[in-house]
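Chemist: Here it is: the structure, laid out below.
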Amino acid sequence: DTAVSQTPKYLVTQMGNDKSIKCEQNLGHDTMYWYKQDSKKFLKIMFSYNNKELIINETVPNRFSPKSPDKAHLNLHINSLELGDSAVYFCASSPAPGTQYFGPGTRLTVL
Amino acid sequence: AQRVTQPEKLLSVFKGAPVELKCNYSYSGSPELFWYVQYSRQRLQLLLRHISRESIKGFTADLNKGETSFHLKKPFAQEEDSAMYYCALIAHAGNMLTFGGGTRLMVKP
């Protein structure tokens, strides 16, 4: 009965590879998000997406792209991975602005 | 652009002591403020929001527009309060949260 789930939990890969992180929510929320938490625990919004609109944080490199096959899923694709992409990535969903339900996180390590 | 500042990276108190986690923000409009908490090995979760004016787990936070602050307070800290706390803001009519840098609260026995 997990509300927001992410796979994989851990992801270790080489520089230059392309990888995806999956996110699913069973809460029926319209809006989903991706966040990046760096090594200093700083949490930063990357994307906000609902079935009408994608809002991109302007600081996010275009190597990152969200893909939503349906309302319950928002996957994160990352091309040409770099060392600086190593972080914990959190997916979240929201029934209303501000009240967000987070996934458990995916720890990405780029070697 | 909005900004949220949590000046303390780490706050360490003894059990039973009062605790205050500071949060200041900058935003030209009327923001909505939140506190999120991340306990060890758990996911980030909403603790409270200023419009609710509620007390959750003994914590309260009052929005002070004059000082642009939204400090989180608890009169008697418990060991289970040890966690990472994030203050967050959402702009009026927006839907993306801006988080502060987080404060790690450690409550010692």
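Chemist: Anything in the stretch B:81-98 that is within 8 Å of chain A (Cβ to nearest Cβ), touching a residue at least 12 places away in the same chain (Cβ under 8 Å) and open to solvent by 10 Å² or more (accessible area, probe 1.4 Å)? List them, or say none.
Modeler: Passing the criteria: B:M84, B:T98.
Chemist: Restricting the stretch B:63-80 to residues that are part of a loop (DSSP other than H, G, I, E, B) and in contact with a strand residue (DSSP E or B) (Cβ under 8 Å, 6 or more places away or on another chain), which is most open to solvent (accessible area, probe 1.4 Å)? Can you show your working first?
Modeler: Here is the first cut: in the stretch B:63-80, the residues part of a loop (DSSP other than H, G, I, E, B) are B:63, B:65-68, B:70-71, B:75-78.
Those still in the list that are in contact with a strand residue (DSSP E or B) (Cβ under 8 Å, 6 or more places away or on another chain) too: B:63, B:67-68, B:70-71, B:77-78.
Working: B:L63: 46, B:E67: 117, B:T68: 48, B:F70: 0, B:H71: 32, B:A77: 0, B:Q78: 60 Å².
Per the stated criteria, the residue is B:E67.
Chemist: Next question. Looking at (1) open to solvent by 70 Å² or more (accessible area, probe 1.4 Å); (2) more than 14 Å from every other protein chain (Cβ to nearest Cβ); (3) in a strand (DSSP E or B); (4) not hydroxyl-bearing (S, T, Y), can you tell me which one B:V107 breaks?
Modeler: (1)
Chemist: I need the full set of residues from the stretch B:11-26 which are assigned to a loop (DSSP other than H, G, I, E, B) and in contact with a strand residue (DSSP E or B) (Cβ under 6 Å, 6 or more places away or on another chain), in order please. Steps first, please.
Modeler: Here is the first cut: in the stretch B:11-26, the residues assigned to a loop (DSSP other than H, G, I, E, B) are B:15-18, B:22-23.
Those that are assigned to a loop (DSSP other than H, G, I, E, B) and in contact with a strand residue (DSSP E or B) (Cβ under 6 Å, 6 or more places away or on another chain): B:K15, B:C23.
Chemist: How many residues are farther than 22 Å from A:L81 by Cβ and either more than 10 Å from chain B (Cβ to nearest Cβ) or among the aromatic types (F, W, Y) (or both) if we restrict to the stretch A:38-62? Explain how you work it out, then say what you get.
Modeler: Residues of the stretch A:38-62 farther than 22 Å from A:L81 by Cβ: A:48, A:50-53, A:55.
Still in the list and also either more than 10 Å from chain B (Cβ to nearest Cβ) or among the aromatic types (F, W, Y) (or both): A:51-52.
Here the count works out to 2.
Chemist: When the stretch A:39-60 is examined, which residues are found to be surrounded by 13 or more Cβ atoms within 10 Å (Cβ to Cβ) and in a loop (DSSP other than H, G, I, E, B)?
Modeler: Within the stretch A:39-60, A:K41, A:F42, A:N50, A:N57, A:V60 meet the criteria.
Chemist: Which numbered condition in (1) within 11 Å of the chain's Cα centre (by Cα); (2) surrounded by fewer than 16 Cβ atoms within 10 Å (Cβ to Cβ); (3) of a type in the set (S, T, Y) is the only one that B:S30 fails?
Modeler: (1)
Chemist: Are any of the residues in the stretch A:1-23 hydrophobic (A, V, I, L, M, F, W, C), within 13 Å of chain B (Cβ to nearest Cβ) and surrounded by fewer than 20 Cβ atoms within 10 Å (Cβ to Cβ)? I'd like the intermediate steps shown before the answer.
Modeler: Here is the first cut: in the stretch A:1-23, the residues hydrophobic (A, V, I, L, M, F, W, C) are A:3-4, A:11-12, A:15, A:21, A:23.
With within 13 Å of chain B (Cβ to nearest Cβ) added as a condition, the list becomes A:3-4, A:23.
Applying the additional criterion that residues be surrounded by fewer than 20 Cβ atoms within 10 Å (Cβ to Cβ) yields A:3.
Yes, the stretch A:1-23 contains a residue that is hydrophobic (A, V, I, L, M, F, W, C), within 13 Å of chain B (Cβ to nearest Cβ) and surrounded by fewer than 20 Cβ atoms within 10 Å (Cβ to Cβ).
Conditions tested, residue by residue: (1) open to solvent by 60 Å² or more (accessible area, probe 1.4 Å); (2) within 11 Å of chain A (Cβ to nearest Cβ); (3) in contact (Cβ under 8 Å) with a residue 24 or more places away in the chain.
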site	(1), (2), (3)
B:P7	yes, no, no
B:V13	no, no, yes
B:K22	yes, no, yes
B:L44	no, yes, yes
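Chemist: Moving on to the next point. On the given criteria, is B:Y39 facing chain A (nearest Cβ under 9 Å), open to solvent by less than 70 Å² (accessible area, probe 1.4 Å), among the aromatic types (F, W, Y) and under 15 Å from the mean Cα position of the chain (by Cα)? Spell out the reasoning first.
Modeler: Values: facing chain A (nearest Cβ under 9 Å): no; open to solvent by less than 70 Å² (accessible area, probe 1.4 Å): yes; among the aromatic types (F, W, Y): yes; under 15 Å from the mean Cα position of the chain (by Cα): yes.
Answer is no for this residue.
Chemist: Condition (residue is assigned to a strand (DSSP E or B), away from chain B (no Cβ under 13 Å), under 26 Å from B:G94 (Cβ atoms) and not aromatic (F, W, Y)) applied to the stretch A:83-90: is it met by at least one residue? Give the derivation first.
Modeler: As a first pass, look at the stretch A:83-90 and keep what is assigned to a strand (DSSP E or B): A:87-90.
Those left that are additionally away from chain B (no Cβ under 13 Å): A:87.
When the remaining residues are screened for being under 26 Å from B:G94 (Cβ atoms), the result is A:87.
After this cut, where a residue has to be not aromatic (F, W, Y) as well, the list is A:87.
The answer is yes, given that some residue of the stretch A:83-90 is assigned to a strand (DSSP E or B), away from chain B (no Cβ under 13 Å), under 26 Å from B:G94 (Cβ atoms) and not aromatic (F, W, Y).
Chemist: Right, something else. For the stretch A:91-111, enumerate the residues that are open to solvent by less than 20 Å² (accessible area, probe 1.4 Å) and away from chain B (no Cβ under 11 Å).
Modeler: Matches in the stretch A:91-111: A:S93, A:T106, A:L108, A:V110.
Chemist: Report whether or not B:Q42 is modelled with pLDDT of 95 or more, out of contact with any Pro (no Cβ under 6 Å at 6 or more places or on another chain) and within 26 Å of A:G103 (Cβ to Cβ). Spell out how you get there, then give the answer.
Modeler: Details: modelled with pLDDT of 95 or more: no; out of contact with any Pro (no Cβ under 6 Å at 6 or more places or on another chain): yes; within 26 Å of A:G103 (Cβ to Cβ): yes.
No: the conditions fail for B:Q42.
Chemist: Restricting attention to the stretch B:27-40, and to residues there that are outside any loop (DSSP other than H, G, I, E, B) and of a type outside the set (D, E, K, R), which single residue is farthest from B:M106 (Cα to Cα)? Give the derivation first.
Modeler: Of the stretch B:27-40, the ones outside any loop (DSSP other than H, G, I, E, B) are B:32-38.
Keeping just the survivors that are of a type outside the set (D, E, K, R) gives B:33-38.
Details: B:L33: 23, B:F34: 20, B:W35: 17, B:Y36: 16, B:V37: 13, B:Q38: 13 Å.
Checked the stretch B:27-40; the qualifying residue farthest from B:M106 (Cα to Cα) is B:L33.
The values are calculated or read from the model by the stated rules, or taken from the named source; none is laboratory data. Please read these numbers as outputs of a predicted model, since none were measured by experiment. Reconstructed Cβ throughout: ideal geometry from the backbone, glycine too, with neighbour counts over all protein chains shown. Surface areas here come from the heavy atoms of the whole protein model, side chains and all, with no ligands, DNA or RNA. Shrake-Rupley method; radii C 1.70, N 1.55, O 1.52, S 1.80 Å.
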